[in-house]
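All remarks here apply to the structure that follows.
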Amino acid sequence: MQRNRPPRIVESQVQPTERIIRGYGSDLCNLEFSIIVEDPDVDNRLLAYWYVDYDPNQTRGEDERDPIEPSGSKVVRDERASFQVNFGSADFNRLNTPGDHIVEVVVTDTSLVGREPAESKTIPLADGGTVIDPGYAATYVWFVRTEARGNCP
């Protein structure tokens, strides 16, 4: 039996390509964060959890959850996981508050507790023993500077 292998975020395909984004709320009114993921376990359904300013001391969950379905027998998934924000939107978003922010995506092949993979499977072996087959997660982070006053509606 093939053991579970970790998914990976294809860093050369992330959007925006810059990890540090300045001027949101000034001249930059819309942001779209997106990733491409690969997983050698082609049948795994993956989940992307998006967080803005994650604080482990707060009980709130993710800002958005995005499923990534298998793409036939392709290791690299066709579907992008994405998170969009609009400075002029009526929707509440912590990115609209002036200052420095962190946008993070956590991709997992299981569920999360906090931001850690929650589920492991116990696999019986032919000799009567067992082995633990863990779930995995991969992360990517952007830093965003939101300006107090700008040209956004």
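Some observations on this one:
- Scanning the stretch 130-153 for residues that are outside any loop (DSSP other than H, G, I, E, B), among the charged types (D, E, K, R) and under 24 Å from N93 (Cβ atoms) yields one hit, R145.
- Taking the criterion of being open to solvent by less than 90 Å² (accessible area, probe 1.4 Å) and in a strand (DSSP E or B), the residues of the stretch 1-20 that qualify are I9, Q15.
- Just one of the listed residues (Y49, Y54) is part of a loop (DSSP other than H, G, I, E, B), touching a Lys or Arg at 6+ places or on another chain (Cβ under 8 Å) and surrounded by 13 or more Cβ atoms within 10 Å (Cβ to Cβ), namely Y54.
- If you go through the stretch 21-46 and keep only what is under 18 Å from S82 (Cα atoms), touching a Leu at 6+ places or on another chain (Cβ under 9 Å) and either part of a strand (DSSP E or B) or without any contact (Cβ under 8 Å) to a residue 24 or more places away in the chain (or both), you end up with I21, Y24, L31, V37.
- For the stretch 59-117, the set of residues classified as in a helix (DSSP H, G or I) and open to solvent by 30 Å² or more (accessible area, probe 1.4 Å) consists of R94, N96, listed by residue number.
- The stretch 118-153: number of residues that are touching a strand residue (DSSP E or B) at 6+ places or on another chain (Cβ under 9 Å), within 30 Å of P98 (Cβ to Cβ) and of a type outside the set (S, T, Y): 9
- The number of residues in the stretch 118-142 that are over 17 Å from the mean Cα position of the chain (by Cα), of a type in the set (S, T, N, Q) and surrounded by 12 or more Cβ atoms within 10 Å (Cβ to Cβ) comes to 1.
- Residues located in the stretch 119-129, provided they are assigned to a loop (DSSP other than H, G, I, E, B) and hydrophobic (A, V, I, L, M, F, W, C): L125, A126
- Scanning the stretch 84-112 for residues that are within 19 Å of E18 (Cβ to Cβ), out of contact with any helix residue (DSSP H, G or I) (no Cβ under 6 Å at 6 or more places or on another chain) and β-branched (V, I, T) gives I102, V103, V105.
- Those residues of the stretch 2-44 which are among the polar types (S, T, N, Q) and over 18 Å from the mean Cα position of the chain (by Cα), in sequence order: Q2, N4, S26, N30
The values are calculated or read from the model by the stated rules, or taken from the named source; none is laboratory data. Given the structure is predicted, the values throughout are model-derived calculations rather than measurements. FYI the Cβ positions are ideal-geometry reconstructions off the backbone, even for glycines, and counts take in every protein chain you see. Calculation scope for accessible area: heavy atoms of the full protein, side chains included, ligands and nucleic acids excluded. Shrake-Rupley method; radii C 1.70, N 1.55, O 1.52, S 1.80 Å.
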